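Here is the structure we will look at.
Computed from the coordinates by the stated procedures, all read-outs in this text should not be read as laboratory data. What you see is a predicted model, and the numbers here were worked out from it, not measured in a lab. Cβ coordinates were reconstructed from backbone atoms using ideal geometry, including for glycine residues, and neighbour counts include every protein chain displayed.
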Amino acid sequence: MSVLISDEQIEILISESEIKARINHLAKEISDTYKKSDQLVVIGLLRGSFIFIADLVRRLNLPVEVDFITVSSYGNEMESSRQVRIIKDLETSIKNRDVLVVEDIIDTGHTLAQVLQIMQTRKPKSLSVCTLLNKPSRREIEVTVRWTGFDIPDEFVIGYGIDYAQQGRNLPHIGFVHRP
């Protein structure tokens, strides 16, 4: 099945029901891991992770605090510039706290590696990563990811919070873009 966004054809890669089932599984594993934590700080990388983080934290069975950091490495392009700009920083102190960074998609690893370096300077008790999508074939910098929703092929994806030129975030599934 495919849908049309502007002039782009979107082919469904991961259905809404597959996403929901996987998030339920991830939330159980994360809840089990942090069950003895005083309060987990969940940090979402905006903008792409906002739908994933909302669905994930609602299913966590433990106390959580949520904060966001906004970074950009794509702009309106389909290729990363590899130059990460921090647009909005955290408001929460993470010193001596368990921290879970939630990412929408890990591609080359450049963005996440730089964000994790910044987080480490703030001396968290623990620092883990959960990503909805992972493109291992594109990795240029190795990053440790504790929880992965789906490994995907090297395609430009859209939907479920992930955009192409600010379009398609509202799609309930993940699809890949076919140019006309």
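Details
- The stretch between Q166 and S17, if pulled fully straight at 0.36 nm per residue, gains 51.3 nm over its current Cα-Cα span.
- Exposure proxy for F52, F156: other Cβ atoms within 10 Å of each Cβ, ordered fewest to most, give F156, F52.
- Per-residue ellipticity at 222 nm computed for the chain from its helices equals -7000 deg cm²/dmol, with DSSP H segments shorter than 4 residues left out and the rest contributing -39,500 (n - 2.57).
- Fewest-first ranking of I118, I19, using other Cβ atoms within 10 Å as the exposure measure: I118, I19
- Proximity of backbone amide H atoms, modeled 1.01 Å from N, is registered between L133 and I105, I106, G149, F150 at under 5 Å, excluding neighbours fewer than 5 places apart on the same chain.
- Sequence-distant contacts, meaning Cα pairs under 8 Å at least 6 residues apart, place the relative contact order of the chain at 26 percent.
- Order of H25, H173 - criterion: other Cβ atoms within 10 Å of each residue's Cβ, fewest first: H25, H173
- Under 5 Å, built H, 5+ apart or other chain: amide partners of S49: D104
- Local charge for D38 was computed over the other residues whose Cβ lies under 15 Å away, with Lys and Arg +1 and Asp and Glu -1, and equals +3.
- Calculated from backbone phi, Karplus (6.51, -1.76, 1.60) coupling profile of region 113-121 in Hz, x at Gly/Pro: 4, 5, 5, 5, 4, 4, 4, 4, 5
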